[in-house]
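I have placed the structure first, in the form of structure tokens, so that the comments after it can refer back to it.
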Amino acid sequence: MHYLLKKLTAIVFTGTISVSAFANNMSLISSDIKHDQFMSKAHEFSGFGCTGDDQSPQLSWSGAPDKTKAFAIFAYDPDAPTGSGWWHWQVINIPANVNSLPTGVGSTLKNSIPAGSKHMRNDYGKHGFGGACPPVGHGKHRYQFTVHALSKKLQLPQDASAALTGYMVNAHSIASATLEAYYER
């Protein structure tokens, strides 16, 4: 153990480990939602007692590594009273030359995501975006919109669970950026 610690210390101090290998320069912004701010009713679900417009927000990202083969986008509520959070949106295999998605592209009523992309099933049981719908009086919920740069396109069955999709995206994510907004009813 002492030898290994000594060897690691020598490597770090001689500069043979590149700090840039661990850098994550990705950023994610939106013209519809702002980090640490409340989302509008446009991004509330339509159903389960919620009466919003169920629109996915506009998203733009930059700073992906040159090795990026595709992107994935997640929208997740870690505060949902389920024991495992709530997946609102999972899109995989967005082409590497795409760096933004317009408002409403996640609609389950039309397939307007970029060619080659794939909507995975959300926790509402639909393939597409499902807006915020926290229980009335449950307090402020966080909605984490994350873009992942992927080292390869993913091969997943259309009915893959959100957990399996999350596992595969995280296994092949080489960089990511998150924008966190809030919603409350």
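Derivation of every value follows stated rules applied to the coordinates shown; laboratory data play no part. Since we're looking at a predicted model, the values are computed, not measured. As a convention, Cβ positions derive from the backbone with ideal geometry for all residues, glycine included, and neighbour counts pool all protein chains shown.
Just a few scattered comments:
- With Cα atoms, 0 to 90° folded angle of helix 162-171 axis to the chain main axis: 30
- Note on 145, 38, 129, 48: ascending count of other Cβ atoms within 10 Å places them as 48, 38, 145, 129, the fewest first.
- Couplings 3J(HN,Hα) for the stretch 130-145, derived from phi with the Karplus relation 6.51 cos²θ - 1.76 cosθ + 1.60 (θ = phi - 60°), are x, x, 5, 7, x, x, 4, x, 7, x, 6, 10, 8, 10, 9, 9 Hz, where x marks Gly and Pro.
- Orientation-averaged projected area, Cα convex hull of the stretch 89-185 (nm²): 6.6
- Between the residues 151, 33, 78, the greatest Cα displacement towards the positive end of the dipole of the chain, with unit charges on the Cβ of Lys, Arg, Asp and Glu, is found for 151.
- Rg/Rg_globular for the chain, with Rg_globular taken as 2.2 N^0.38 Å and Rg from C-alpha atoms: 1.16
- Between helix 2-14 and the chain: long-axis angle, C-alpha atoms, 0 to 90°, nearest 10: 80
- Under-5 Å amide H pairs with residue 154, H placed in peptide plane, nonlocal only: 93
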